[in-house]
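The values are calculated or read from the model by the stated rules, or taken from the named source; none is laboratory data. These figures come from a predicted structure and were not determined experimentally. Ideal geometry is used to build each Cβ from the backbone, glycine not excepted, and the neighbour counts take in all protein chains shown. In case anyone asks, the SASA skips ligands and DNA or RNA and just uses the protein heavy atoms, side chains included. Shrake-Rupley method; radii C 1.70, N 1.55, O 1.52, S 1.80 Å.
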Protein chains: 2
Amino acid sequence: DGSSVDSLDYEVIENFAYREEQARRGKLYVSYLLVVKWIFALLIGIGTGLAAVFINLSVENFAGWKFSLTFSIIQKSYIAGFLLYALINLVLVFSSVYIVTQFAPAAAGSGIPEIKGYLNGVDIHGILLLRTLIGKIFGSIGSVGGGLALGKEGPLVHTGACIASLLGQGGSTKYHINSRWFQVFRSDRDRRDLVTCGCAAGVAAAFRAPVGGVLFALEEVTSWYGILMRTAMGWCKNGNCGHFGSGGFIIWDISDGQEDYSFAELLPMAIIGVIGGLLGALFNQLTLYISSWRRNHLHKKGIRVKIIEACLVSLLTSIISFCLPLLRKCSPCPASDPTSGIECPRPPGMYGNYVNFFCSSDKEYNDLATIFFNTQDDAIRNLFSAKTMHEYSSQSLLTFLVMFYTLAVLTFGTAVPAGQFVPGIMIGSTYGRLVGMFVVKYYKKPNIEEGTYALLGAASFLGGSMRMTVSLCVIMVEITNNLKLLPLIMLVLLMSKAVGDAFNEGLYEEQARLRGIPLLESRPKYEMRNMTAKEACGSGRVISLPRVVKVSDVVSILRSNKHNGFPVIDHTRSGESLVIGLVLRSHLLVILQSKVDFQHSPLPSDPRGGDRSIRHDSHEFAKPVSSKGRSIDDIHLSSDDLEMYIDLAPFLNPSPYIVPEDMSLAKVYNLFRQLGLRHLFVVPRPSRVLGLITRKDLLIED
Amino acid sequence: DGSSVDSLDYEVIENFAYREEQARRGKLYVSYLLVVKWIFALLIGIGTGLAAVFINLSVENFAGWKFSLTFSIIQKSYIAGFLLYALINLVLVFSSVYIVTQFAPAAAGSGIPEIKGYLNGVDIHGILLLRTLIGKIFGSIGSVGGGLALGKEGPLVHTGACIASLLGQGGSTKYHINSRWFQVFRSDRDRRDLVTCGCAAGVAAAFRAPVGGVLFALEEVTSWYGILMRTAMGWCKNGNCGHFGSGGFIIWDISDGQEDYSFAELLPMAIIGVIGGLLGALFNQLTLYISSWRRNHLHKKGIRVKIIEACLVSLLTSIISFCLPLLRKCSPCPASDPTSGIECPRPPGMYGNYVNFFCSSDKEYNDLATIFFNTQDDAIRNLFSAKTMHEYSSQSLLTFLVMFYTLAVLTFGTAVPAGQFVPGIMIGSTYGRLVGMFVVKYYKKPNIEEGTYALLGAASFLGGSMRMTVSLCVIMVEITNNLKLLPLIMLVLLMSKAVGDAFNEGLYEEQARLRGIPLLESRPKYEMRNMTAKEACGSGRVISLPRVVKVSDVVSILRSNKHNGFPVIDHTRSGESLVIGLVLRSHLLVILQSKVDFQHSPLPSDPRGGDRSIRHDSHEFAKPVSSKGRSIDDIHLSSDDLEMYIDLAPFLNPSPYIVPEDMSLAKVYNLFRQLGLRHLFVVPRPSRVLGLITRKDLLIED
Ligand SMILES: Nc1ncnc2c1ncn2[C@@H]1O[C@H](COP(=O)(O)OP(=O)(O)OP(=O)(O)O)[C@@H](O)[C@H]1O
Ligand SMILES: Nc1ncnc2c1ncn2[C@@H]1O[C@H](COP(=O)(O)OP(=O)(O)OP(=O)(O)O)[C@@H](O)[C@H]1O
Ligand SMILES: [Mg+2]
Ligand SMILES: [Mg+2]
């Protein structure tokens, strides 16, 4: 269904209206724009930060309340406790899936493939709307609070992007809560920059990892550097809101972890990297199969099926996470060490290690419950924790790994907001800790910490599944506050990425492909070197328009095809033809609808004279982000109208990029991708060279 | 003297030889290239790491030996001590300036403006040669060891770039130590990627700041993302060499610094930011004046003047750093605290705080000597140090600030390798600590650390002078190992950059402009929106060549102008003219010199038939990096030769980028800059559109 997808145009359309606006505004306006951009970046940072705080607080409160209630009830009856636990989860998940399916279908999933697509130049309908934002925020509270095997980080990135986009177009057009005052950014280019900024703010807020956020945005769009500064400003503010000063940034502090490594330890670390690559690639493949099956069979049956599915998954998750620990025998508490500050078993209702769950003796704890029957944040903190050697048995870890992996795969693709970051960390840190236990056992060194291996495992799984390296690395360092592990994390990430790449593409790329989002990779395919531009664009006749065109012709051309751009051809007095520009379907539709530009004469009107300039405000031509846009069928014209003419000259883009027909497709690809184009004209070789432009010609001093 | 500067061509020249090579090699070759690139990245990382270790060890040993010798002598006589001290400094500086002036003139200065230029697309002669590499390494040992007010970090970045470039072209061509085996990277594009990688390795090695290195490279060239991975690999290795594990990365650890901040402290921090912007901008302006005066007057007088100048600066530095502390009254040691591990006065010959220098009593120390009469690394460590409240008097810090600032300005531009990073940190941390002392005095909070303010001061001065934000921020965090300060560092950096930008451009941009390196900024100037391509390239007639051209014509055209690229025009049978490509001066010179392509007939030869393909190996056309290249005057042709013809078709670039004449210059600028072009044809509007390329046409599945 790639047809529901429109491309974005990062090119500036230098038509008459644009030029006039430029002339009217002058140089000061540029500084004004810059100031507005800074303010927007700040607002985006603050807004995303607030959204993150809201989601976090809600989830923490729901989950905390759920667990303490359950704990107090299981003192009396485990069955009643389980029923309550499952019910609360079900209610939360139901609310989430209900909001998403009824109100904001685009809020399902993590949203990262769609945002990646947007930044790459594809506009997916519904992805950046106000309702999506609302659905995302409330939906992820329900799905994360409901204990499903998913995270809130991906949705937060999407939230940041939505906030940025809505700010950029000055509110929501559908609900008419928009202010013209804000509508300074009309071009796709400016909006993309804002969305990039929003993504960075989202990552920064989700992981409290500002540098990671900036890098994440950079891994997506490296073309415009200036954004960095603004983003930076955004998260500086963001870092302040709520968490100013000590420790506000670090989620899972392992700065008291392992300090020193021997070369022999590189082997188990490499093994972790390989496991990460394999399990990550498997995860991508399984989720791909399941999502495509869901799309093609299950979800075609309507909304009710989606709701039932999510509720079933929630029940399954509750059963597994409650009942599996019951089957597990409790272990006796380790000899207590009062200096470490770790209590065993921990008092009920508190967070920490060593949960007493269905244990016969008071001095015992249930290691499986410690990770399974817990919020994900706490489970990860426990898995990463240092100085808790031998807390987990390998059997428990293996059980957890298998069950949680299965749950994560099953949950992926249900109609709730779902991030894959935290589940990835859970999975990775489990096998990381497993490997760590073997290392502790066989290497017999005093300073090896299982928690550090868990961290490396987490990095390896994320690397093997998402295939990002630098930004993941920085995020991992930032959330664990341990700079010394950086080279090891990088090593593990690179290995798992390399192993994963041998099997399939990254999680987000696979999902984007599945959803029909045509991502352009950063480099051209090898075959393109041997193809020419002419070969690529096929042999169909080009559908073009004359400069002055009859309204009925425009209507019939627009009806007859689905193209979004048309060359405009004029004839000189001597009869030669001349390409004078490109006109967009959306602009034609605006002209047809407003009718003010219709004229009776089939001769060109003088674009400079007359009152042409006041007929249209340039924001009329701006298309709202991720909406369907007008269609030719919505426009009704009288038969008088159809007999009139339009002079297209003022509306066309007079200088689209052109390439000679025998340029190799690899070069064309670079041009297209790096400049973020939408249409490119393939033209015959020129007959003359009017001038050469070199570096010197571009060095204008002011 | 911009004429000594050639542009680089990041475009792939798809001439006949290139296509043939592509056809011969096939797809497997791409994987081979990738592997080679990884290996190269590794080698670059290792090589730069080794160079850094060598420089560091040498400097540490020279400086340590110098200071301990001086200390042992001043126990007897201060005059003898001073003479020895000044003499050692003089010898070291003399050796440095001698090497640079006699052997490697391009090794003077920090090299960063030149590298910036190279990455921007300008090839400056001599900048990436083997002799420059050697001069840089040994020169910076002399200049840093000799105690001048400069650092070794900038030169290390240049060193990394040289190593990368030399590896890329398989050794030095001049000294014939090159291996054809290595010469896989012939295009400017590949070489630039390697140089980027070298820069990142240089930063990583200089600051032991791997992420900062990657970001630094990114701040320069954001176009090719893949480099990141390779670089990452490079420094992972690099982090290992020597410093595996604990603490190897951190130069000036302040992780035991201040932990918590109040909002009231934001005011002094903002003041630090403003001071940084002002002093940084002043530094840029002063160094600009002094360097331009040096270029235009002093250095025109020859090498001897340069040597004398450097020696005088060395003497002045010795006098000031030795004698100023003598004038300063010693302070009594603070009440000793055995738990802090800080001794006062510190034992002679050891590093640390509290130097006893010319003090009457045994329990006293000289605060000015602690920072002035010391290696720079130690001085910075002392300035950053926590738990040493009230060590420095404000009077000493002010004296040091003024004197060191002056010295840094004077030293800038002498003919020795010189980085501005460490002096910048010295200056910044001095006034930062000054502000910190006031904060301690007036805010009366127990947990405020002067050292933390010194760090912020350092960041602010660097921001105000160099105007980089993200990479500087990450570098500062990495070298001080305190992630919690990140938002504050960013705040201070942004403020000082904003203040500095109000006055002038960044240090490197100013210096590049002074040296005639035409850097293209990332965004077009505002005026360019109202100019067309045709207007920019001037009205001069375009000098072009026919397809088959007489040798004598080629020679006379090459003699008559200095252009480096010529359009080639052919005529169809019907007599119409047709632009068939662009030929480079350097390629024409290769053809003229080898003579194998000369033919008697003035008719085109068939480029596909015959033995054309074996006549040239494509590496013949590759120009060595940063060398002068051939000149037409070096080529001698007999009168028989001059009567012959050349068919240019196999050698030209058949599809240079073209723009229509009335495209706005802003768009042209984006195209030129983002694709890294050298020549661009301005052509008349096309008469037909043969096809449209959209995103769909570029999505080829393999
Ligand atoms: N005006 C046109 N005349 C003839 N062929 C066209 C025209 N515009 C596009 N095409 C061709 O049609 C195919 C489909 O392109 P499509 O119509 O989807 O482009 P678009 O809708 O203008 O752009 P996008 O879908 O990226 O927003 C492409 O292969 C392209 O070469
Ligand atoms: N073949 C040519 N015919 C006419 N004008 C040219 C030609 N090549 C360049 N120019 C013009 O000459 C001016 C100086 O360019 P210059 O000759 O330095 O270019 P170049 O040497 O080919 O490229 P670079 O200096 O960037 O390596 C420019 O304004 C350019 O428009
Ligand atoms: Mg389309
Ligand atoms: Mg030139």
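Going by the structure shown, is A:K667 away from chain B (no Cβ under 14 Å) and surrounded by 19 or more Cβ atoms within 10 Å (Cβ to Cβ)? Spelling it out, it is not the case that A:K667 is away from chain B (no Cβ under 14 Å) and surrounded by 19 or more Cβ atoms within 10 Å (Cβ to Cβ). Could you list all residues from segment A:386-408 that are within 32 Å of the chain's Cα centre (by Cα) and open to solvent by 20 Å² or more (accessible area, probe 1.4 Å)? Correct list: A:L398, A:T399, A:L401, A:V402, A:M403, A:Y405, A:T406. Residue count for segment B:544-569 under the criterion of being open to solvent by 20 Å² or more (accessible area, probe 1.4 Å) and under 19 Å from B:Y645 (Cβ atoms): the result is 11. Filtering B:E521, B:E510, B:E505, B:E478 for residues that are at pLDDT 90 or above and within 13 Å of another protein chain (Cβ to nearest Cβ) leaves a single hit, B:E505. Whenever a residue of segment B:527-549 is in the same structural domain as B:I580 (by TED's automatic domain parsing), its partners that are of a type in the set (F, W, Y) and not in a loop (DSSP other than H, G, I, E, B), lying with C-beta atoms within less than 8 angstrom and at least six residues away or across chains, give the pairs B:I543/B:F566; B:S544/B:F566; B:L545/B:F566; B:V548/B:Y645; B:V549/B:Y645.
Evaluating B:L698 against the criteria (1) more than 7 Å from chain A (Cβ to nearest Cβ); (2) closer than 23 Å to A:R523 by Cβ leaves one unmet condition, (1).
How many of the residues making up segment B:633-650 are in a loop (DSSP other than H, G, I, E, B) and either facing chain A (nearest Cβ under 7 Å) or open to solvent by 10 Å² or more (accessible area, probe 1.4 Å) (or both)?
7
Only one residue in A:S31, A:S7 is away from ligand 2 (no atom under 16 Å from the Cβ), surrounded by fewer than 12 Cβ atoms within 10 Å (Cβ to Cβ) and among the hydroxyl-bearing types (S, T, Y). Which one? Break it down into steps so the answer makes sense when it comes.
Numbers: A:S7 fails: surrounded by fewer than 12 Cβ atoms within 10 Å (Cβ to Cβ).
The conditions single out A:S31.
When restricted to residues that are surrounded by fewer than 22 Cβ atoms within 10 Å (Cβ to Cβ) and within 24 Å of the chain's Cα centre (by Cα), segment B:75-93 contains 0.
Condition first: at pLDDT 80 or above and of a type in the set (G, A, S). Can you find one or more residues in segment A:125-136 that meet it?
Filtering segment A:125-136 down to residues at pLDDT 80 or above leaves A:125-136.
Now restrict to residues that are of a type in the set (G, A, S): A:126, A:135.
Yes - at least one qualifying residue is present in segment A:125-136.
Taken as a whole, the condition of being in contact with a Cys (Cβ under 9 Å, 6 or more places away or on another chain) and either away from ligand 2 (no atom under 15 Å from the Cβ) or polar (S, T, N, Q) (or both) applies to B:L692. Taking segment B:483-502 as the range and being open to solvent by 10 Å² or more (accessible area, probe 1.4 Å) and either charged (D, E, K, R) or within 13 Å of chain A (Cβ to nearest Cβ) (or both) as the test, the residues that pass are B:L483, B:K484, B:P487, B:L491, B:L494, B:M495, B:K497, B:A498, B:D501, B:A502. For segment A:118-152, a residue qualifies if it is open to solvent by 10 Å² or more (accessible area, probe 1.4 Å) and closer than 16 Å to A:A408 by Cβ, and the qualifying residues are A:V144, A:G147, A:K152.
Of everything listed in (1) open to solvent by 10 Å² or more (accessible area, probe 1.4 Å); (2) in contact with a Phe, Trp or Tyr (Cβ under 9 Å, 6 or more places away or on another chain), the single unmet condition for A:Y443 is (2). Within segment B:543-583, restricting attention to residues that are farther than 20 Å from A:V659 by Cα and assigned to a strand (DSSP E or B), the residue that is farthest from ligand 4 (Cβ to nearest atom) is B:H571.
Can you tell me which residue is surrounded by the most Cβ atoms within 10 Å (Cβ to Cβ) among those in segment A:503-522 that are in contact with a helix residue (DSSP H, G or I) (Cβ under 7 Å, 6 or more places away or on another chain) and in a helix (DSSP H, G or I)? By that ranking, first place goes to A:L507.
Selection of segment A:681-701 for residues being open to solvent by 10 Å² or more (accessible area, probe 1.4 Å) and out of contact with any strand residue (DSSP E or B) (no Cβ under 8 Å at 6 or more places or on another chain) yields A:K696, A:D697, A:L699, A:I700, A:E701.
Applying the selection to segment B:1-42, what residues are closer than 30 Å to B:I517 by Cα and assigned to a helix (DSSP H, G or I)?
Quick first cut of segment B:1-42, residues closer than 30 Å to B:I517 by Cα only: B:1-15, B:37, B:40-41.
Of everything in segment B:1-42, those that are closer than 30 Å to B:I517 by Cα and assigned to a helix (DSSP H, G or I) turn out to be B:G2, B:S3, B:S4, B:K37, B:F40, B:A41.
Contact annotation: residue pairs with Cβ atoms under 6 Å, 6 or more positions apart or on different chains, pairing a residue in segment A:501-526 that is at positive phi with a partner that is open to solvent by 60 Å² or more (accessible area, probe 1.4 Å), are A:G516/A:D1. Based on what the data block shows, is B:R678 under 22 Å from B:E521 (Cα atoms), open to solvent by 20 Å² or more (accessible area, probe 1.4 Å), more than 7 Å from every other protein chain (Cβ to nearest Cβ) and not hydrophobic (A, V, I, L, M, F, W, C)? Considered against the rule, which asks whether it is under 22 Å from B:E521 (Cα atoms), open to solvent by 20 Å² or more (accessible area, probe 1.4 Å), more than 7 Å from every other protein chain (Cβ to nearest Cβ) and not hydrophobic (A, V, I, L, M, F, W, C), B:R678 comes out as no.
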